[in-house]
Amino acid sequence: MALPPYATTGQRVWFWTFRAICVAIIFFLIMPILVVIPLSFNAQNFFTFTPEMLRFEPGAYSLRHYQDFFTNPDWQAALWNSVRIAPVATLVAVVLGTLAAVGLSQSHVPFRGTIMAILISPMIVPLIISAAGMYFFYSRLGLQGSYWGVVLAHAVLGIPFVIITVTATLVGFDKSLVRAAANMGAGPVRTFFKVQMPLILPGVISGALFAFITSFDEVVVVLFVGSASQKTLPWQMFIGLREQISPTILAVATILVAISVALLTTLELLRRRSEKLRGMSPG
Amino acid sequence: MANERGDAAFVAFEHVQKSYDGETLVVKDLNLNIGKGEFLTMLGPSGSGKTTCLMMLAGFETATHGEIRLAGRPINSVPPHKRGIGMVFQNYALFPHMTVGENLAFPLEVRKMSKSEIESKVKRALDMVQMGAFAGRRPAQMSGGQQQRIALARALVFEPELVLMDEPLGALDKQLREHMQFEIKHLHERLGVTVVYVTHDQSEALTMSDRVAVFNDGRIQQLAPPEDLYERPTNSFVAQFIGENNTLPGSVEAISGDRCTVKLTDGSVIDALPVNVSKPGDRTLVSIRPERVEFRDDRMPADTHKLEAEVLEFIYMGDSFRTRLRVAGNDNFIMKCRNAVDQRRLNAGEKVVIGWNVADCRALDAA
């Protein structure tokens with residue numbers, strides 16, 4: 001994308017302005033996340049860089065906030081809750097979202113657009129509104145403040161991601177494969193698991209990861225739907241920020257960032273592998 | 001071979017209609033009996049209903065009206081996976097995430113065969129299409145022709161009695177296509193399996209089939225062995241659709257037995273075989289194949305009317321000469337002569353007299 005020799009002054013100006021804008025966007029997106037990482041190793045109980053840290057003195061850095069995270073019973077309870085809720089919510093979201101996407105990809109289903117819009121709406125409706133609605137609804141059903149209430153609420157938030165990613169992979173899915181399977185004697189269930197599922201798996205997995213991260217990072221809905229015994233990591237961070245300004249939050253944030261990066265990397269590797277399997281890129 | 005008796009038909013379509021929108025019929029009152037072991041081709045332009053018929057037979061579309069029977073059993077309400085019909089798809093439809101061997105094993109695993117049985121059947125099927133060395137490959141690592149063979153092997157591996165083929169050679173280049181035509185034909189002869197083949201390529205239909213059903217506008221226009229179809233078309237659609245054809249419009253002057261005289265639009269009179277005309281005054285399209293037109297006196301039948309023609313263009317085609325003539329006001333009248341030692345080449349502007357055997361000149365409907 002070098003500047004061609006015949007570029008006009010206007011094009012030259014835009015060429016550099018465009019790059020400046022891109023750098024600014026990346027800076028404002030990434031910087032707040034990156035700045036947390038060195039701060040989490042602060043030896044003091046401060047949210048700012050100490051002069052010693054800026055001079056890179058080894059004594060200014062420590063793992064004490066990480067130690068606090070792994071020993072403090074409040075944080076450990078929160079971590080345990082998150083680990084108990086997120087995978088189950090993900091599982092529910094993946095099963096329901098995949099089935100919905102497969103169903104909605106069939107042309108004979110009536111009102112496909114409307115159904116799709118309703119299922120996607122948790123992603124569009126402001127979270128606080130969904131949360132308030134769920135609070136009142138789940139209260140009536142006796143789900144408010146229960147483990148399954150939070151799981152269900154998080155699954156609802158995760159479903160749109162699964163539907164979108166699975167629908168995207170289904171667009172490239174050759175429907176004659178399903179016909180071929182039926183023709184060879186395979187019933188619909190066998191066809192789904194042996195033929196369709198392996199081919200849309202990348203979409204299912206990326207949907208699952210998004211659903212997992214949604215549940216793992218979510219704070220608004222869990223505040224409404226959950227009770228003290230469902231206190232998740234983000235909830236604990238929220239409390240920590242409000243009540244006891246402890247840099248342990250920074251350590252937790254760093255860990256969460258690391259988990260997110262690891263998940264996304266896994267996702268990308270899986271996607272490449274499956275493309276290779278499908279022969280879309282030279283094997 | 002050809003089997004017209006309804007009671008012995010292996011596949012039978014009876015008054016089958018199909019409409020997708022509830023208004024227009026894509027297939028109109030289809031009646032067709034296919035004999036066991038027959039190679040039947042459904043030939044027609046796109047939108048003629050041939051693929052819809054195949055899909056109804058496979059079970060992917062349901063007939064709006066009428067009955068389809070397989071081996072005497074109505075199959076209208078049998079789902080596709082319980083019909084036991086093999087099928088080769090237009091785009092091969094090989095499972096991309098499985099190896100060739102796994103693809104072939106799929107229908108056998110569904111049938112719960114033992115591992116060793118599956119192994120030997122897969123091997124035999126691959127050897128049958130000379131792809132024995134490819135069991136470990138994935139479809140994406142093979143050429144179109146190779147994928148085609150695998151698709152063929154997969155449709156045959158579970159030994160169905162009926163195999164459907166939906167334009168299976170459409171994506172191959174000409175040479176490979178012709179080669180595969182013979183291979184499919186030989187497989188059919190060797191295995192004795194019943195084949196229903198859909199194509200829009202008439203040469204494919206003529207080369208491979210026992211009988212060809214020519215589809216147009218949701219109906220079978222003619223159902224006949226290839227030779228009859230080419231030499232004795234029963235209506236002008238078939239005459240035009242199969243092979244090259246010259247047509248001359250006119251009206252019937254007189255009919256007597258298997259001979260009629262037709263007055264062409266420019267007033268000249270010719271003799272023809274009445275096929276789709278019944279009485280004097282009927283409008284007709286007279287149809288004659290380019291290779292049956294003669295211009296040399298010694299080869300022309302004696303007792304027929306001849307026509308004057310002017311040579312417009314002479315095209316050398318290697319094995320044959322193509323001469324474009326103006327005949328009875330038609331500027332696109334083609335005469336095809338074999339490039340034989342004694343063949344005379346005509347020059348543009350030359351005037352010749354042409355003629356033909358009455359039996360080769362068919363008076364068809366004026367549609």
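Some points to look at:
- Helix B:174-191 axis versus longest C-alpha principal axis of chain B: approximately 60°, rounded to the nearest ten.
- Assigned charges on the beta-carbon of Lys, Arg, Asp, Glu; the stretch A:64-277 dipole about Cα centre (debye): 660
- Shielding by partners - mean other protein chain Cβ count within 10 Å, residues of B:90-96: 6
- In this structure, the residue pairs whose Cα-Cα separation is over 20 Å, taken from B:Lys18/B:Lys50; A:Lys194/B:Lys50; B:Lys263/B:Lys306; A:Lys175/B:Lys28; A:Lys194/B:Lys115, are A:Lys194/B:Lys50; A:Lys175/B:Lys28.
- Shape category assigned to the protein assembly as shown from the gyration tensor of Cα positions, a/c cut at 1.5: prolate
- Gaussian network model of chain A, springs between alpha carbon atoms under 10 Å - residue of A:Arg272, A:Arg55, A:Arg112 with greatest fluctuation: A:Arg55
- Net charge contributed by nearby residues that have their C-beta within less than 9 Å of B:Phe39 (K/R +1, D/E -1): -1
- Spatial separation of Cα centroids for the stretch B:82-133 and the stretch A:41-80, in angstrom: 61
- Mean Cα-pair separation over length for chain A, i.e. relative contact order, pairs under 8 Å, 6 or more apart, %: 27
- Distance from the Cα centroid of the stretch B:145-218 to that of the stretch A:177-191 is 22 Å (rounded to whole angstrom).
- Seen through its C-alpha gyration tensor, with square-root eigenvalues sorted a ≥ b ≥ c, the stretch A:180-233 comes out prolate because a/c lies at 1.5 or above while a/b is bigger than b/c.
- Residue-averaged [θ]222 nm for chain A, counting only DSSP H segments that reach four residues, each worth -39500 (n - 2.57): -24000 deg cm²/dmol
- For the segment B:154-160, counting C-beta atoms of other chains within 10 Å of every residue's C-beta and taking the mean gives 2.
- Across the stretch B:254-264, coupling constants 3J(HN,Hα) worked out from phi with the 6.51/-1.76/1.60 Karplus curve, θ = phi - 60°, read 8, 10, 9, x, 9, 8, 9, 9, 10, 8, 6 Hz, and Gly and Pro carry x.
Rule-based calculations on the coordinates, nothing more; no lab input. Just so we're clear, the structure is a prediction, and the values are computed from it rather than from any experiment. Glycine gets a Cβ as well: all are built from the backbone with ideal geometry, and neighbour counts include every protein chain shown.
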